[in-house]
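Step one of this worksheet: look at the structure below.
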Amino acid sequence: VSTYLTDIMHSLIRGLRFGRIFWIDATNDETINFSFQTIVEYPDATASGVKNMASVIHWLSEMDPNWLLIFDNADGKPNVISKSFPPGNRGNILITSRNPEMKRNVSSGAWIEVEDMDEKDTISLLLKAAFLDDTSEELRQASMPIVKELCFLPLAVDQAGAVIACGLCGMDDYLQMYSECRQTLLAHQSFEGGLNYGRAVYTTWELSFLALEAKVAKGKSEMDVQAAESAIVLLQTFAFFHFDGIVEDLFRQAAEKPENGNVIQLRDISGLPHQLLDCKTSGKWNLHFFREGIWMLISYSLNKKNNSGVYSMHPLVHCWIHDRMMQPEQQAGCMSAKALLAQSITFQFTSQDYAFCYALLSES
Amino acid sequence: MDIGTNFPAGMHTRYVSRTSLIARLGDIPKTISLPNIEYKPRTSSSANFTGRRDYLTKLRDYFNLKGDEPLRRKSFLLYGMGGIGKTQICLKFTEETSDL
């Protein structure tokens, strides 16, 4: 009886405990399959006659339901993981994803968007990663501009700490180095921080770009291919707008009001004109391609919807897409962006136009 | 490019090594390291893990069984951009809720 009471006391004091935790790398079908294969080799699974992924799933549905099954990096479509949920109404599932659509796999409200860290914690992270005293007021002050420049993004801050720890630069000149070699500092594996993450900041977004390119090359449907094409062209055009005010109206105005007869053509990666600015026979803009492209960018967390018709990009994602482009692509993207701007601004200014132009103020 | 010349004379020794480091930076090809899409097993959370209490509390509250609640499947989603720390929060949560 006393052990029983101790157990209860224990669980009351320590709160939530899972009997078993299973970790699935949900990057794609192969990694999911591989993760389940490793569970096959657990002694109690083997003892229960578990042989393959399907039997692991069945085994889970029958065991004591105090388990937690984690699907990490489930960045694909929602059904990539839902097909491996154990049947029944028991157990616990935790998903991490870039794709907000993944909400379909959980009940209403059972989600949270992970956002930037607060200033205090980000400064502590930078100093810890740099092996410096995170209680020193002086160092905390010196950290402020660095974490601001890195937009409080944990992976970027951890990586900056690693660069400082290896002696490449100090707290005092990190920002100068950053302004000169941003791409190298953010893109290269050797400046990976202490997260065991295995990926540099830029590399983690490159993963999404590769997925877009794979869709262009062999998408599951015509619609998928078109959406991915639009997404890439939009991304490369957005690189030349301000990251915080990407307005749909810009495209609408450019499509519907081609003054002096110049029709703008946005070009995709293969250099072909793109249908993003096509109009219907009524003369109204066919926003279908734009919306599909945006929707795809949102599903990779490369873009965010602020409010109706206004989108934004994380400032560091904005840097990445700019830095990853080669010179000719940069020129083409810059031309498209300029043409869009020129085309969409009318001479009869209204207050609405002023608001519109304000939203377009670009940093570049 | 010798950016060392921008520094005061007293810092000379420092920027000699710095210049060579910059030179080494120049040797690194200006391409983004290609992602390695191999299976990644569960690791432990970073030794530098900091803060994020609000998220960890939310997870704990969600999965905690309340006395009057019927037993049912519970599924929760952490979503957000790459590099924001979703996996780290997840790892920290598992460490705080398992005896292993």
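Just a few scattered comments:
- Near pairs, Cβ below 6 angstrom, 6+ apart or cross-chain, from region B:81-100 (at the interface with chain A (Cβ under 7 Å from one of its Cβ atoms) and farther than 16 Å from A:Gln159 by Cα) to any residue that is among the small types (Gly, Ala, Ser) and in a loop (DSSP other than H, G, I, E, B): B:Met81/A:Ser301; B:Lys86/B:Gly80
- Restricting B:Gly80, B:Gly85 to residues that are within 18 Å of A:Ala26 (Cβ to Cβ), small (Gly, Ala, Ser) and in contact with an Asp or Glu (Cβ under 8 Å, 6 or more places away or on another chain) narrows the list to B:Gly80.
- Where a residue in region A:228-244 is open to solvent by 10 Å² or more (accessible area, probe 1.4 Å) and its partner, wherever it lies, is part of a helix (DSSP H, G or I) and of a type outside the set (Gly, Ala, Ser), with Cβ under 7 Å and at least six apart: A:Glu229/A:Val216; A:Gln236/A:Ile321; A:Gln236/A:Glu329; A:Phe240/A:Cys334; A:His242/A:Leu360; A:Phe243/A:Pro315; A:Phe243/A:His318
- Checking B:Ser98 against (1) over 25 Å from A:Pro315 (Cα atoms); (2) out of contact with any strand residue (DSSP E or B) (no Cβ under 6 Å at 6 or more places or on another chain); (3) polar (S, T, N, Q), the condition it does not meet: (2)
- Matching residues in region A:192-227 - criterion: being assigned to a loop (DSSP other than H, G, I, E, B) and modelled with pLDDT of 85 or more: A:Ser221
- Qualifying residue in region A:160-173 (condition: touching a His at 6+ places or on another chain (Cβ under 9 Å) and either surrounded by 21 or more Cβ atoms within 10 Å (Cβ to Cβ) or farther than 25 Å from B:Lys86 by Cα (or both)): no
- Subset of region A:73-82 (residues that are in contact (Cβ under 8 Å) with a residue 24 or more places away in the chain and of a type outside the set (Asp, Glu)): A:Asn73, A:Ala74, A:Gly76, A:Lys77, A:Pro78, A:Val80, A:Ile81
- Residue within region A:47-63 that is touching a strand residue (DSSP E or B) at 6+ places or on another chain (Cβ under 9 Å), over 26 Å from A:Ser208 (Cα atoms) and either at pLDDT 95 or above or within 10 Å of chain B (Cβ to nearest Cβ) (or both) present: no
- Flag if A:Leu234 is under 14 Å from A:Trp295 (Cβ atoms), touching a strand residue (DSSP E or B) at 6+ places or on another chain (Cβ under 9 Å) and part of a helix (DSSP H, G or I): yes
- Among all residues of region A:149-159, there is none that is open to solvent by 10 Å² or more (accessible area, probe 1.4 Å) and either free of Cβ contacts under 8 Å to residues at least 24 places away in the same chain or over 19 Å from the mean Cα position of the chain (by Cα) (or both).
- Residue within region A:83-99 that is touching a residue at least 40 places away in the same chain (Cβ under 8 Å), open to solvent by 20 Å² or more (accessible area, probe 1.4 Å) and part of a loop (DSSP other than H, G, I, E, B) present: no
- Test: residue in region B:65-74 that is more than 15 Å from A:Pro154 (Cα to Cα) and modelled with pLDDT of 90 or more: yes
- In the condition set (1) more than 9 Å from chain B (Cβ to nearest Cβ); (2) surrounded by fewer than 22 Cβ atoms within 10 Å (Cβ to Cβ); (3) under 20 Å from B:Ile89 (Cβ atoms), A:Asp121 is compliant with all but (1).
- Matching residues, region A:201-213, being closer than 19 Å to A:Ser97 by Cα and open to solvent by 40 Å² or more (accessible area, probe 1.4 Å): A:Leu210
- In summary, A:Ser108 fulfils each of the numbered conditions (1) polar (S, T, N, Q); (2) within 24 Å of the chain's Cα centre (by Cα); (3) facing chain B (nearest Cβ under 10 Å) with the single exception of condition (3).
- Scanning region A:1-46 for residues being at pLDDT below 55, open to solvent by less than 70 Å² (accessible area, probe 1.4 Å) and closer than 19 Å to B:Thr94 by Cβ gives a total of 1.
- Looking only at region A:295-315, and only at residues there that are surrounded by 22 or more Cβ atoms within 10 Å (Cβ to Cβ) and either of a type in the set (A, V, I, L, M) or over 20 Å from A:Gly76 (Cα atoms) (or both), the one that is nearest to the chain's Cα centre (by Cα): A:Leu302
The values are calculated or read from the model by the stated rules, or taken from the named source; none is laboratory data. Keep in mind the model is a prediction, meaning the values are calculated, not measured. Cβ: placed from backbone, ideal geometry, glycine included. Neighbour counts: every protein chain shown. All accessible areas refer to the heavy atoms of the entire protein, side chains included, with ligands and DNA or RNA removed. Shrake-Rupley method; radii C 1.70, N 1.55, O 1.52, S 1.80 Å.
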